[in-house]
Amino acid sequence: MIRITVWNEYVHERTEQKIAEVYPEGIHAAIAEFLGKEEDFEVRTATLDDENCGITKEVLAETDVLIWWGHIAHDRVPDEIAYLVRDAVLEGMGLICLHSAHHSKPFRYLLGTSCNLTWRESDDEEILWVIEPSHPITRGIDRYFKLSHEETYGEPFVIPTPDKLLLIGHYSGGEVFRSGCLYERGNGKIFYLQPGHESYPTFRVPEIQMLIRNAIRYLAPAYRQVTACPHVRKITDNAPYVI
Ligand code: ZN
């Protein structure tokens, strides 16, 4: 089984009627619902208002892949929680950051840049082009697919050059954007997926669900270990390895 925790700040859906109509139970519940149909997935959810934001060392130790959606409450996630997530990724946990999670603390702490971008809400249509058709995350997706409306995210996107760029988004307003970015950090893998603005039913689009399912299976760790910094003996010493 792949153990998945879906984290959502869960603010828009409780404070704005229009958003509640799109995701009545919250974005986390919508994601957990389609993931829950997979026989090899074990899914739980956590939100900002849970104790410790629902994120503890124990929760992360039992999480193979963490999914993160946040937007207006990034600063309400304590640094200590973000560092726990960062350290779990460095050990090997997979992390999927969705849409406005480009500005979340875990993503920025792992990537080390501002992760700023340009943006606009103008109901643009988006075409997502597959750059790496043979990659396990884009498997099953055609050359491209369309989202009838998405928030426009544009370059420059202030991120380190991705280890693999899997998707490029193109908007009817003219912009292009690196919409599917894959990174390795320590023993862990990180996938950033741009679509998923709260006012559109993007997480009900089959291709988006397929990308998230594929990413979970790709990011699930085969190896997970703290990489410490031990002071060690020569290998020729007949003595314990660590001094
Ligand atoms: Zn948005």
Exercise. Going down the list Lys105/Lys146; Lys57/Lys234; Lys37/Lys57; Lys18/Lys146; Lys18/Lys164, which pairs span over 31 Å between their C-alpha atoms?
Worked result: Lys57/Lys234; Lys18/Lys164
Problem set entry | Two-site label geometry, Arg139 and Leu165: point separation in nm, points 7 Å out along Cα→Cβ | 2.5 nm
Exercise. Given the protein chains as shown and a 1.4 Å probe, how many square angstrom of Glu175 are accessible, to the nearest 10?
Worked result: 50 Å²
Exercise. Is the shape of the stretch 1-144 rounded, prolate or oblate, going by the alpha carbon gyration tensor and its root eigenvalues a ≥ b ≥ c, with a/c under 1.5 for rounded and a/b larger than b/c for prolate?
Worked result: rounded
Exercise. Which is farthest toward the positive dipole end of the chain among Thr56, Pro201, Tyr171, measuring Cα position about the Cα centre, with Cβ charges +1 (Lys, Arg) and -1 (Asp, Glu)?
Worked result: Thr56
Seminar exercise, completed: Residue-normalised 222 nm signal for the chain, counting each DSSP H run of n ≥ 4 as -39,500 (n - 2.57), nearest 500 deg cm²/dmol, is -6500 deg cm²/dmol
For this session: Report relative contact order for the chain in percent, whole number only (criteria: Cα-Cα under 8 Å, sequence separation at least 6).
Result: 19 percent
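Report the calculated FRET efficiency for Glu21 and Glu155 (r = Cβ-Cβ distance, R0 = 41 Å), to the nearest 0.05. Walk me through the intermediate numbers first.
Numbers: r = 32 Å, r/R0 = 0.77.
Efficiency, rounded to the nearest 0.05: 0.80.
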Exercise. Could you give the distance between the Cα centres of the stretch 54-71 and the stretch 16-46, to the whole Å?
Worked result: 15 Å
For this session: For the chain, set up a Gaussian network in which alpha carbons nearer than 10 Å are linked by springs, and say which option among Val176, Val85, Val226 fluctuates the most.
Result: Val226
Problem set entry | Mean separation of Cα contacts under 8 Å, 6 or more apart, over the residue count of the stretch 1-120: relative contact order % | 26 percent
For this session: Give me the Kirkwood hydrodynamic radius of the stretch 128-243, using the inverse of the mean 1/r over all pairs of distinct Cα atoms, in Å to one decimal.
Result: 16.6 Å
For this session: For Leu167, enumerate residues with amide H under 5 Å from its amide H, sequence gap 5+ or separate chain, H modeled in the peptide plane.
Result: Ile131, Ser179, Gly180
Exercise. Can you give the FRET efficiency for Ser172 and Thr113, using 1/(1 + (r/R0)^6), R0 = 30 Å, r = Cβ-Cβ distance, to the nearest 0.05?
Worked result: 0.60
Seminar exercise, completed: accessible surface per residue for the stretch 114-176, probe 1.4 Å, DNA/RNA/ligands not counted, whole Å² -> 52 Å²
Problem set entry | Tilt relative to the chain, helix 206-219 - C-alpha long axis, 0 to 90 degrees, to 10 | 10 degrees
Seminar exercise, completed: Of the accessible area of the chain, computed with a 1.4 Å probe and all protein chains kept, carbon and sulfur make up a percent value of 50 percent
For this session: Go through the stretch 47-57 residue by residue and turn each phi into a ³J(HN,Hα) via Karplus (6.51, -1.76, 1.60, θ = phi - 60°); whole Hz please, and just put x for glycine and proline.
Result: 9, 4, 7, 5, 4, 6, 6, x, 10, 10, 4
Problem set entry | Two-decimal log10 I(q)/I(0) for the chain, as the Debye equation yields it once each C-alpha is a single scatterer, q = 0.08, 0.12, 0.17 Å⁻¹ | -0.30, -0.65, -1.32
Exercise. How high is the FRET efficiency from Thr56 to Thr236, r the C-beta distance, R0 41 Å, rounded to 0.05?
Worked result: 0.45
Problem set entry | Global form of the stretch 105-163, assessed from the alpha-carbon gyration tensor, a/c cut-off 1.5 | oblate
Exercise. Among Thr202, Thr138, Thr113, which one shows the biggest mean-square fluctuation in a GNM of the chain, springs joining Cα atoms closer than 10 Å?
Worked result: Thr113
Exercise. How far is helix 79-91 tilted off the main Cα axis of the chain, in degrees rounded to 10, range 0 to 90?
Worked result: 70 degrees
Seminar exercise, completed: Rounded to the nearest 5, the percent of DSSP beta bridges in the chain running antiparallel is 55 percent
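Quick one: grab the alpha carbon gyration tensor of the stretch 55-139, order the square roots of its eigenvalues as a ≥ b ≥ c, and give me rounded if a/c is under 1.5, else prolate or oblate depending on whether a/b is larger than b/c.
oblate
The values are calculated or read from the model by the stated rules, or taken from the named source; none is laboratory data. This is a predicted model, so every value here is computed, not measured. Note: ideal-geometry Cβ built from the backbone for every residue, glycine included; neighbour counts use all protein chains shown. Calculation scope for accessible area: heavy atoms of the full protein, side chains included, ligands and nucleic acids excluded. Shrake-Rupley method; radii C 1.70, N 1.55, O 1.52, S 1.80 Å.
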